[in-house]
Amino acid sequence: MQELKILSIVGTRPEGIKMAPLVHLLKETAEIKSVLCLTAQHREMLDQVLSLFELKADYDLNLMKESQSLTHITARALEGLEKIILQEKPHMVLVQGDTTTTMAGSLAAFYHKIPVGHVEAGLRTWDKYAPFPEEINRRINSVIAELHFAPTDLSRKNLLREGTPPEKVYVTGNTVIDALKTTVQPGFVFDDPFLRGFDFDSSRVLLVEAHRRENIGRPLQEICLALLDLLQAFPDTFLLFPVHKNPAVRCTVYRYLEGHHRVRLLEPLDTFSFHNLMARSHLILTDSGGIQEEAPALGRPVLVLRDVTERPEALAAGTALLAGTNREAIVKMASDLLHDSSAYAAMARAANPYGDGRASERIRDVILYYFGRRPSPPEPFSPI
Ligand code: UD1
Ligand code: UDP
């Protein structure tokens, strides 16, 4: 029987992390020939992930430019991906999540009538400008996709509400939890010398990661001011902040936070280090999507630095709170948790609303079922 050729497209750090377990599984599957193409919308941050998870790309469009525009990424990715799609003629294209690479990958495949499988489908805020441009990238992916790998039942419902045929939607869990299962170890030793020498017992670590386009400017300044207020109010806290490579993010974060004696600004950490740092932190403050999904699995409370989130499952599970980007509101919410140990303990519970570590396996099995290589689809993911 002919091998199924599956072309996976990856552009940024989170796509790399979330596609790594799936791409490895596809490579190990006898019926499948897996081809990996990078747009390299991110460069250093993606290379870090590829080397850590031992992923080797077959193609690399190398399109990142400093302070790139959405139009630049979209246009370059569409043109570059078209050539690869024409050359490889895959049976299916896989894209992950909500980045501009993902949207351009779906569109490039659609123009050549190649079916698209969308990993992490159906997340919605219903606000087209938050997150920007990811909410609309997701909706475009959903209109184009042939198979929708919804991480949770809520994301499945979002897709059905938009008229997506139910037989094309599969609840798989999120592959980020598959990746997380391989990274956190109790005796982990950090490569970074500062983290290796850090005494996690003597301070309460506030771990911060913020980079969203809609937060750049005033909201990120408010976030930094709130962090300074918290450091002043709680002398036993220490702020660790691996700063995203986006120059607009770095400029604000370094201007407000550099030089404080209880702040360490770090370069983006490799994902093993970052996950183990999350596991040792007291409180996580972030506008990142992936971190919102990982923190509940590690039993770490999260304050979400956004006005809306497309990942409300952790809010419902009681392990995350929506803090927004207003200085006073962030300080109030974080202070309540830093003062009140029972409120903190109620949030610091492990929960797994996003996955059980078997999402890649389900996605692979749905693909095989779709192409008639399995008699039935896998059982859906259901949180315990
Ligand atoms: C992108 C995604 C966002 C995702 C984020 C993950 C879009 C529109 N945005 O946002 O959904 O949450 O990635 O981190 O797809 N840069 C580097 N080196 C790197 C990566 C970035 O120097 O390895 C700098 C470059 O100057 C680049 C800028 O950061 O132009 C912005 O990168 P870009 O991918 O456009 O946007 P992100 O904010 O990273
Ligand atoms: N992450 C990482 N190193 C860091 C910060 C984050 O490896 O210094 C990981 C994190 O664990 C998560 C992913 O990056 O898996 C999230 O990516 P990002 O925040 O860039 O994008 P988003 O999820 O917001 O789209």
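The values are calculated or read from the model by the stated rules, or taken from the named source; none is laboratory data. Every value quoted in this text rests on a predicted model; they were computed, and no experiment measured them. Cβ atoms come from the backbone with ideal geometry, glycine included; neighbour counts cover every protein chain shown. These accessible areas exclude ligands, DNA and RNA; they are computed on the full protein's heavy atoms, side chains included. Shrake-Rupley method; radii C 1.70, N 1.55, O 1.52, S 1.80 Å.
Could you tell me whether G187 is closer than 18 Å to V263 by Cβ and open to solvent by 60 Å² or more (accessible area, probe 1.4 Å)? Steps first, answer last, please.
Numbers: closer than 18 Å to V263 by Cβ: no; open to solvent by 60 Å² or more (accessible area, probe 1.4 Å): yes.
Spelling it out, it is not the case that G187 is closer than 18 Å to V263 by Cβ and open to solvent by 60 Å² or more (accessible area, probe 1.4 Å).
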Elements of type strands (runs of 3 or more DSSP E) in region 268-361, at least 2 residues being within 23 Å of G217 (Cβ to Cβ): 283-286, 302-304
Qualifying residue in region 267-276 (condition: farther than 23 Å from V331 by Cα and touching a His at 6+ places or on another chain (Cβ under 7 Å)): yes
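Please state which one of L225, L257, L266 is within 16 Å of ligand 2 (Cβ to nearest atom), in contact (Cβ under 8 Å) with a residue 60 or more places away in the chain and more than 27 Å from I136 (Cβ to Cβ).
On the way: L225 fails: within 16 Å of ligand 2 (Cβ to nearest atom); L257 fails: in contact (Cβ under 8 Å) with a residue 60 or more places away in the chain.
None of the others qualify; the one that does is L266.
How many residues are in contact with a strand residue (DSSP E or B) (Cβ under 9 Å, 6 or more places away or on another chain) and away from ligand 2 (no atom under 15 Å from the Cβ) when one looks only at region 122-144?
Of region 122-144, the ones in contact with a strand residue (DSSP E or B) (Cβ under 9 Å, 6 or more places away or on another chain) are 122-123, 138, 141-142, 144.
If we keep only those that are away from ligand 2 (no atom under 15 Å from the Cβ) too, we end up with 122, 142, 144.
Going through region 122-144 one residue at a time, the tally reaches 3.
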Answer residue from region 44-67, given it is near ligand 1 (Cβ under 8 Å from one of its atoms) and free of Cβ contacts under 8 Å to residues at least 24 places away in the same chain and is most open to solvent (accessible area, probe 1.4 Å) among those: K65
Among (1) farther than 25 Å from P247 by Cα; (2) of a type outside the set (K, R); (3) not in a loop (DSSP other than H, G, I, E, B), the one test that M45 misses: (1)
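Of the residues V10, V35, which is open to solvent by less than 10 Å² (accessible area, probe 1.4 Å), within 15 Å of ligand 2 (Cβ to nearest atom) and closer than 19 Å to E88 by Cα? It would help to see each step written out before you state the result.
Details: V35 fails: within 15 Å of ligand 2 (Cβ to nearest atom).
Answer to the check: V10.
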Residue list for region 215-234, restricted to those being within 14 Å of ligand 1 (Cβ to nearest atom), surrounded by fewer than 18 Cβ atoms within 10 Å (Cβ to Cβ) and not aliphatic (A, V, I, L, M): G217
Scope region 180-208; condition touching an Asp or Glu at 6+ places or on another chain (Cβ under 8 Å) and not in a loop (DSSP other than H, G, I, E, B); matching residues: L180, R204
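Please find, within region 74-87, the residue that is farthest from R138 (Cα to Cα) out of those that are in contact (Cβ under 8 Å) with a residue 60 or more places away in the chain and either surrounded by fewer than 18 Cβ atoms within 10 Å (Cβ to Cβ) or within 23 Å of the chain's Cα centre (by Cα) (or both). Show your work before the answer.
Here is the first cut: in region 74-87, the ones in contact (Cβ under 8 Å) with a residue 60 or more places away in the chain are 77, 81, 84-85.
So of that shortlist, the ones also either surrounded by fewer than 18 Cβ atoms within 10 Å (Cβ to Cβ) or within 23 Å of the chain's Cα centre (by Cα) (or both) come out as 77, 81.
Numbers: A77: 17, L81: 19 Å.
Per the stated criteria, the residue is L81.
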Meets criteria (farther than 30 Å from E3 by Cα and crowded, with 17+ Cβ neighbours inside 10 Å) for V304: yes
